[in-house]
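Trainee: Here it is, the structure in full.
Please treat every number below as a calculation from the coordinates, not as lab data. Bear in mind the structure is a predicted one, so any value in this text is a computation, not a measurement. Here Cβ is always computed from backbone atoms with ideal geometry, including for glycine, and neighbour counts include all displayed protein chains.
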Amino acid sequence: MASRSDRRESPRRAFKAPIAYARTRRQRFHGAKMTDCSADGIRFVSELALRPGAEVMVRTIDPSSAKEASEAYRAEIVWCNRFLDNDVSWYLVGARFTGHA
C-alpha cells in the first residue's frame, strides 16, 4: 500500500509558520501552525478537529506583524489525526488546496 507521501503530486517542504483557517467565510479564523506545504496542499497543527471532506479557508500570517495575509485559499481537509499530550488534545491535519477564496 502506498504511503501518503507516495501519492502526493508535488513534494512537500518543511516550513513552520503561523496560519489562520475558518470553516466558512462567515466564521472567525482560528490560529494554527503550518508544519509543511507544497503547491498542492498543506499540513498543519490545530486545536480543533476538522472533518475530512470539509472545506476551509486558509490564510498565512506575517509573524513580524501578526497580521493575516489579504489572500486566502480554499482547501479540502483530506485527513485529521488526533494526538494527546499531557491530557491536551491537538490535531495534525492534511489539506489539499482547491483554489483562491
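Trainee: Nearest 500 deg cm²/dmol is fine: what mean residue ellipticity at 222 nm does the chain get from its DSSP H runs of n ≥ 4 alone, each adding -39,500 (n - 2.57), divided by its residue count?
Mentor: Helices in the chain give a 222 nm mean residue ellipticity of -500 deg cm²/dmol.
Trainee: Once you keep just the Cα pairs under 8 angstrom separated by 6 or more residues, what percentage relative contact order results for the chain?
Mentor: 25 percent
Trainee: Further, regarding this structure: Rounded to the nearest 0.05, what FRET efficiency is calculated for ARG26 and ASN86 with R0 set to 35 Å and r the Cβ-Cβ distance?
Mentor: 0.55
Trainee: Return the single residue from GLY31, GLY53, GLY41 with maximal mean-square fluctuation; model: Gaussian network over the chain, springs between Cα atoms under 10 Å.
Mentor: Highest fluctuation among the options: GLY53.
Trainee: Right, another one. Spin-label point model (7 Å from Cα, Cβ direction): what's the ALA101 to ALA17 distance in nm?
Mentor: For ALA101 paired with ALA17, the spin-label model returns 1.5 nm.
Trainee: Could I ask something else about it? To the nearest 20 Debye, how big is the dipole of the chain about its Cα centre, given +1 on the beta carbon of each Lys and Arg and -1 on that of each Asp and Glu?
Mentor: 180 debye
Trainee: Take VAL56, VAL45 and order them by how many other Cβ atoms sit within 10 Å, fewest up front.
Mentor: Ranking VAL56, VAL45 by Cβ neighbours within 10 Å, fewest first, gives VAL45, VAL56.
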